[in-house]
Every structure is written in structure tokens, then in C-alpha cells.
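First the structure, in the form of C-alpha cells, and then the observations on it.
Nothing in this text is a laboratory measurement; each read-out follows from the coordinates by a stated rule. Keep in mind that what you see is a predicted model, and the values were worked out from it rather than measured. Neighbour counts run over all protein chains shown; Cβ positions are idealised from the backbone, glycine included.
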Amino acid sequence: MTMVAGASRPPVNQVSVSTGERERQPSAPALPERAEERKSLDALLILSQITSTVSGLSELDTILRVGVQKTLEFIGGSFGGVMLLDESKQRLRYYVYQGLSAEFAQKIVVKSGEGVNGKVVSTGKAILLDDILEEPEALHGDLLKTEGLRSFISVPLRFREAVLGVLNCASPRPQHFTEKDMHLLHSIGDQLGLAIGHFRLHRKLQEKRERYRDVARQVITAQEKEKKRISQELHDETSQMLAALTLNLKTLSEMAKIIGLEDEKFLAMLGKAHTTAVQINNEVNRIISDLRPTLLDSLGFIPAIRHYAESSLLPLEINLQLDIMETPAPLSPEGEVNLFRWVQGVIGNIVQHSRARNVTISFKKKQDQLRLRIEDDGIGFDVSRIGQTNSKKRRHGLGLIIAKERMKLIGGDCSVQSQPGRGTTVTAVIPLI
């Protein structure tokens, strides 16, 4: 058995041995110069094609299949495949293969360090065999013989410092592989290892994002339930008591006038107390509306949006235009709440920062998506500064960051378009039930 380190490129007389006699076989006769040049060009073309595949495709199995196919075409092999290492159990299994039977691919399971493939993984060095049937350390000899495998190459698939699997190529007859074959296989192995590593990192990132979103959904659901409970208690108890207090103070003021009470200071204090009670009651009602707008429960999503926008913008003399082309399909309860909160956040930004005079809120339904857009003609801002920290250690566009995250939680997306002096447009796109 000959092992070749992945980092170095071996000379021709080191890449192949006869495993039966355990002696080095002479190198294959030199190819004619033109044939040699043509093979070099073919190798560059194959490598270029695989590199393009790795960078252009996102499906890992497609990338690996192309890699196996192109490699076999170049070396004239009949059998090949990629075995990936199970990170938890440290076992190699075929992920994609060509020319091999499904029965063979399913039965071949190799522990790290065992057999030919296991040693490639544990050592990180390629192994070349002129005839694998004469290799004492080869596993599943009966299966190899039935499958018709003879000459065999196994190359490590590296990502950074780790070996993630192996690329196997084989022929049905003893064959001597050249140094250029080895160079190409190492280069292909590097590209495929990079694709596997990036795929696994992306998968782990997606899993972490999903876990984060699941936790965030649970938190938001719990928050909304608690907000609804507090809103109900404020409405049923605090608001009712304030309303009664306001009415009693108003009644006392009228009774004082009826009985002819002339203490101006007392009357003034009584009137001020009544005015204060009215203001407190209005503020409590506003808090109730912010916690859980009753319109969202009683009349539905659109009236709640209209009510909130009008009550927030019109008192500031900001013109409001609602552009609802058609009634959108029903949203899930979670979608309704999150989209309403999104509207609250965007309108809150307009009120605090935009100095706008006109605001347009539009709804459009396209196939299975709802698009909600809020546009203002305010001072605008530099979108690239969102998330940066200012001199007061506050993040620019924190409200918009939260709005984006809220859309992600319900499978939607949020985009912001703005330029200084040209207003701002914030768009949410969410899937419909």
C-alpha cells in the first residue's frame, strides 16, 4: 500500500505499487508529447468545470456527483463515489456514487482508521493501489470482487484541518496511475472538501437560526399572552375605576355650582383634578391599545392598522393615505400580531425621526404572499448606517432592526429603502396561510 500526503505531490515512481508483490512497479511509458499536452489541458478543463460547479450550485449531492463523474472521465475509471464521515459515530458511508451497485454502496460502512478508506481519513494521506483485491488490509474483499473493483485510488476530502470524507475511483482492471492523475485528484479533493465544509457550516447555521426562531416565537407568544392579560385587567379594572373617578369629579363640580359654592380656589382644584383624571384615563386607554388593540380582536387586522395609523399620525398633521387594492387573505394569529407590531414600529420611527408630512400605507396580495409597504416623504437617512453605534452609544435604526427580525420570525422578509432628503420606504413580505 502506498500513502501519499495530501500537501505534497509525489514523483511518478512513488504513486503506485503492486500490492501482491509489495514491490514498486516501473512507471508507465511516457506519452507522446502532444498526447501529454492534451491530457494536461483536459485536466485543467476538468478542474475548471468542477470549480465552476462548486461555486455555482448549492445542492451538495449535485456538486459531488459532478465531481465523481468528471474525475472518472479523466482517469478512465468505471467506478467511483464520495464517502462522508459521520461526525458523531466516525463512520464512512457512501453519499454519492457512480458505476457501483446500490447493494454495494449500502453495505460498505467503514470506521475511521480501518481498511483503505479508514486509513485515508485517519492519516489524511491518499492511497493508491494497482489491485485492491491483493491488498491485505482491504475490507469486504468478497464484495469488492463481486463488484469487479481492481485498481483503486482514495483521496482525502479536506476542509481546513479536518478530513470530512474520501473520493474513491476504481477500474475493473489493474492500472498504473500517474503523478498527474494524483495532482488532479488532490485538486478535485480540495474543491469537493471545500464544498462539503461550507455545506455543513451553512446547515449548522440554519439549525441555529431555526432554534433561535423557535425560542423567539415562544417568547413572543408568551409576551403577547401576557400583554393581552394585562390589557384585559387594565380595561376591566383600572380603566373602569378611572372612568368612575372622572365621572364623580365632574358630578362634584356640577353640584358645587348648583349649591352656589363660591370658593374659587376649591373649584379650580376640583376642575384640575377632573382634567388630570381624564388625561390619566386617556393614557391608560392608549396603553391598553398598544398592549393589545381591541380592534385587532373585534374588527380585524385592517381596521386596527387604520385606527393606529390615524391616531398616531393625524394629530401631528401628517397626511395619511391607505392604499388597499383588495382584502388580503386571512393571516395566522401569530402573523397578525407580528405584522401589527411591525406597523407600530415603523410608524413609531416616522413619528420620532422622519419629519414627514405625508405617509402612504399600501397592501397588495400577490399569489401566496402579502406585501405591506409604508412610505414617507421625510428627511430619510443613510441605510448603510443601520446597526452602527453613534456617539451616544445607541444603534442607528434599532427600530428597523427589530422590525426585520420580527418579520423573519414568521417566515417573512423586510427591506428598507432610503436616502438623505428623499424619504423612506419600508416593505414587509410575508407568506399567507
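For this structure, a couple of remarks:
- Remark: the Arg209-Glu264 segment gains 13.2 nm on full extension, using 0.36 nm per residue and subtracting the alpha carbon distance.
- Over region 89-225, volume per residue of the alpha carbon convex hull, in Å³: 132 Å³
- Note on Ser48 and Leu314: their simple-model spin labels are 6.8 nm apart, each label 7 Å out from Cα toward Cβ.
- Filter on Lys180/Lys204; Lys227/Lys365; Lys204/Lys404 - keep pairs with C-alpha separation over 27 Å: Lys180/Lys204; Lys227/Lys365
- R0 of 41 Å, Cβ-Cβ distance Ile302-Thr276: FRET efficiency to nearest 0.05: 0.70
- Linear extension gain, Asp142 paired with Gln106, 0.36 nm per residue minus alpha-carbon span: 11.5 nm
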